[in-house]
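See structure below.
The values are calculated or read from the model by the stated rules, or taken from the named source; none is laboratory data. Values in this document were obtained by computation on a predicted structure and should not be read as measured data. Positions of Cβ are generated from backbone atoms using ideal geometry, with glycine treated the same way; all protein chains shown enter the neighbour counts.
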Amino acid sequence: MNWRFPAWYHLVPAEVIRPRLARIGAMCGQEGLAGVLLTDCRDVFYACGSAQQGVVLVDGAGQATVLMRRHAGRAEAESPLNVTPISGLGQAAGLILERIPAGGRLGLTLDVLSARDYVGWLGRLPGLTLVDATRPWLELKAVKDAWELERMAAAGALAASIYAALPHILRPGLTEAQAAGRMQALAIAGGSTDVLPSRGGYHQPYSWHVTAGPEGVLPSAMDAPFSGWGLSPAFPLGSSHRPLRPGEPIDVDFGVSVEGYQSDQTRTYTLGPAPAPVRAAHDCLQEIEAALLTGLRPGAMSGDLFALAMGIAERRGLGEAFLGRPGRKIRFAAHGVGQELGAPPYILEGSPAKVRAGETYALELKMVLNEGPVGLENTVVVTEGGPARCLVPLASELFELPAGEGSQT
């Protein structure tokens, strides 16, 4: 088959993949691994530029063996690396054993590999010691290259354009789910895949986290300050059939993914003037955001940044509202974002981890009030000299919209 990809179907060039392989090889050397076997589709894409079904072995010299089952021909056209077609994992194991010496330590990412699959690899790879390489792998991926940052900036720009449409969407009587659906339509039309993977999450993230009013701060299964009603007990998270009402805060936490890379952001809206507690909470979040943007510099300690954020909230008398109700607070003020959510780096309570240039964070700044949810979130990248640079070209302000009937899109 002659693969002729359209101009908008951007392939990952060799000059992006080769340095990644060199970094992976160096990681193997530091961890005493003969190689690392990547089995998750996003990890496979990172290492070879194709998310077709298969695995990628990278040895300690940074040499990749790309083994693809379905569709190998398309993978060969997408990837700048050589691709070997395979009929199944048994054949893949034989090729791996040819490349990794007997007795070698082979890393696997056990955070995304099921126990059944792990046992299967144990049986297929006799003579090798299989070890968990999750920690060093996620630390490696936490630092983004220029190609990744371009995609994340594009996602941020698309997100900003969707938020700019909200004054024409939000109106009293519209349900949370209807508002989220209209945002979702704009996102997909603009190039978002509407797939927001999380690294081994219990519930997979979703783009349409629009919650409002007192019910908007209901807790649920997700490790978040609040979750809202959701649509049913089968998915008790996010937007619901609850209508929007004047004067209550509307938390619009909406993620976008462009060419496999995400931007995660939140803004707070009201229909009519915002109540004084909502304004005070949002002012506090703006101060916290400014402090974190300044503090996110290479060498800064994660736990110190968390304490900085919490200290501002406490000084303003909002310590009990910041990051959730007492007893249900989350322990992080920012999480990693890129190909996935739910992965390092974090601004984490008590953590000694050091900030590195090139890391990307979603600043998860949320308040839980009796009036409802108040949020401010931006995706940012740590620069060499600081401060952190925001990838979402949208003002970090509280948006107070007219309370009357709005136009529909």
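Only a single item in (1) touching an Asp or Glu at 6+ places or on another chain (Cβ under 8 Å); (2) within 23 Å of Pro197 (Cα to Cα); (3) of a type outside the set (Val, Ile, Thr) is not met by His71, and it is number (1). For region 382-395, a tally of residues being surrounded by fewer than 20 Cβ atoms within 10 Å (Cβ to Cβ) and touching a helix residue (DSSP H, G or I) at 6+ places or on another chain (Cβ under 6 Å) returns 3. For the residues Gly336, Gly406, Gly385, the requirement of being in the same structural domain as Leu174 (by TED's automatic domain parsing) and at pLDDT below 95 singles out Gly385. Looking across Thr134, Thr129, Thr109, Thr175, one residue alone is closer than 30 Å to Gly213 by Cβ and either hydroxyl-bearing (Ser, Thr, Tyr) or touching a residue at least 12 places away in the same chain (Cβ under 8 Å) (or both). It is Thr175.
Residues that are in contact with a strand residue (DSSP E or B) (Cβ under 9 Å, 6 or more places away or on another chain), part of a loop (DSSP other than H, G, I, E, B) and farther than 17 Å from Leu376 by Cβ within region 293-328 comprise Pro298, Gly299, Ala300, Glu320, Arg325, Arg328, listed in sequence order.
From the residues in region 111-128 that are within 26 Å of the chain's Cα centre (by Cα) and buried (at least 18 other Cβ atoms within 10 Å of the Cβ), which one is farthest from Gly200 (Cα to Cα)?
Of the residues in region 111-128, the ones within 26 Å of the chain's Cα centre (by Cα) are 111-115, 117-118.
Those left that are additionally buried (at least 18 other Cβ atoms within 10 Å of the Cβ): 112-113.
Details: Val112: 6, Leu113: 9 Å.
Among residues in region 111-128 that are within 26 Å of the chain's Cα centre (by Cα) and buried (at least 18 other Cβ atoms within 10 Å of the Cβ), the one farthest from Gly200 (Cα to Cα) is Leu113.
Given the conditions (1) touching a helix residue (DSSP H, G or I) at 6+ places or on another chain (Cβ under 6 Å); (2) more than 21 Å from Arg135 (Cβ to Cβ); (3) assigned by TED's automatic domain parsing to the domain that holds Thr129, and given that Ala72 satisfies all but one, which numbered condition is not satisfied? Only one criterion is unmet by Ala72, namely (1). Within region 93-107, the set of residues being in contact with a Phe, Trp or Tyr (Cβ under 8 Å, 6 or more places away or on another chain) and more than 11 Å from Pro126 (Cα to Cα) comprises Gly107 only. Put simply, of Leu391, Leu369, Leu363 the only residue that is within 17 Å of Val252 (Cα to Cα) and under 16 Å from the mean Cα position of the chain (by Cα) is Leu363. Take the conditions (1) surrounded by fewer than 16 Cβ atoms within 10 Å (Cβ to Cβ); (2) touching a residue at least 24 places away in the same chain (Cβ under 8 Å); Ala224 misses just one of them, which is (1). Scanning region 129-175 for residues that are among the β-branched types (Val, Ile, Thr), outside any helix (DSSP H, G or I) and over 14 Å from the mean Cα position of the chain (by Cα) returns Thr129, Val131, Ile169, Thr175. Being closer than 29 Å to Leu196 by Cα, hydrophobic (A, V, I, L, M, F, W, C), touching a Cys at 6+ places or on another chain (Cβ under 9 Å) and outside the structural domain of Gly190 (by TED's automatic domain parsing) is the requirement here; does Val58 meet it? Spelling it out, Val58 is indeed closer than 29 Å to Leu196 by Cα, hydrophobic (A, V, I, L, M, F, W, C), touching a Cys at 6+ places or on another chain (Cβ under 9 Å) and outside the structural domain of Gly190 (by TED's automatic domain parsing).
In region 298-311, the residues that are hydroxyl-bearing (Ser, Thr, Tyr) form Cβ pairs under 9 Å with partners that are surrounded by fewer than 16 Cβ atoms within 10 Å (Cβ to Cβ), at six or more places apart or across chains, as follows: Ser302/Gly350; Ser302/Pro352; Ser302/Lys354.
If I filter region 188-210 for residues that are among the small types (Gly, Ala, Ser) and over 22 Å from the mean Cα position of the chain (by Cα), do I get at least one hit? Within region 188-210 (the criterion being among the small types (Gly, Ala, Ser) and over 22 Å from the mean Cα position of the chain (by Cα)), the answer is no, since none of the residues qualifies. Kindly indicate whether Val217 is under 28 Å from Pro387 (Cα atoms), among the β-branched types (Val, Ile, Thr), crowded, with 24+ Cβ neighbours inside 10 Å and modelled with pLDDT of 95 or more. When the stated conditions are applied, Val217 does not pass them.
Any residue at all in region 1-16 that is aliphatic (A, V, I, L, M) and modelled with pLDDT under 95? Taking every residue of region 1-16 in turn, at least one turns out to be aliphatic (A, V, I, L, M) and modelled with pLDDT under 95.
So if I check each of Lys329, Lys354, which one is in the same structural domain as Pro205 (by TED's automatic domain parsing), in contact with a Gly (Cβ under 7 Å, 6 or more places away or on another chain), farther than 17 Å from Leu149 by Cβ and of a type in the set (Lys, Arg)?
Selected residue: Lys354, the only one of Lys329, Lys354 that is in the same structural domain as Pro205 (by TED's automatic domain parsing), in contact with a Gly (Cβ under 7 Å, 6 or more places away or on another chain), farther than 17 Å from Leu149 by Cβ and of a type in the set (Lys, Arg).
Thr268: hydroxyl-bearing (Ser, Thr, Tyr) and surrounded by 23 or more Cβ atoms within 10 Å (Cβ to Cβ), yes or no? When the stated conditions are applied, Thr268 passes them.
Could you say whether any residue in region 392-406 is in contact with an Asp or Glu (Cβ under 9 Å, 6 or more places away or on another chain) and within 13 Å of Gly336 (Cβ to Cβ)? Among the residues of region 392-406, not one is in contact with an Asp or Glu (Cβ under 9 Å, 6 or more places away or on another chain) and within 13 Å of Gly336 (Cβ to Cβ), which makes the answer no. Scanning region 309-358 for residues that are of a type in the set (D, E, K, R) and in contact with an Asp or Glu (Cβ under 8 Å, 6 or more places away or on another chain) yields a total of 2.
This table checks each residue for (1) of a type in the set (S, T, N, Q); (2) without any contact (Cβ under 8 Å) to a residue 12 or more places away in the chain; (3) within 21 Å of Arg328 (Cβ to Cβ).
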{"site": "Leu231", "(1), (2), (3)": "no, no, no"}
{"site": "Phe235", "(1), (2), (3)": "no, no, yes"}
{"site": "Ser239", "(1), (2), (3)": "yes, no, yes"}
{"site": "Leu244", "(1), (2), (3)": "no, no, no"}
{"site": "Ile250", "(1), (2), (3)": "no, no, no"}
{"site": "Phe254", "(1), (2), (3)": "no, no, no"}
{"site": "Ser263", "(1), (2), (3)": "yes, no, no"}
{"site": "Leu271", "(1), (2), (3)": "no, no, no"}
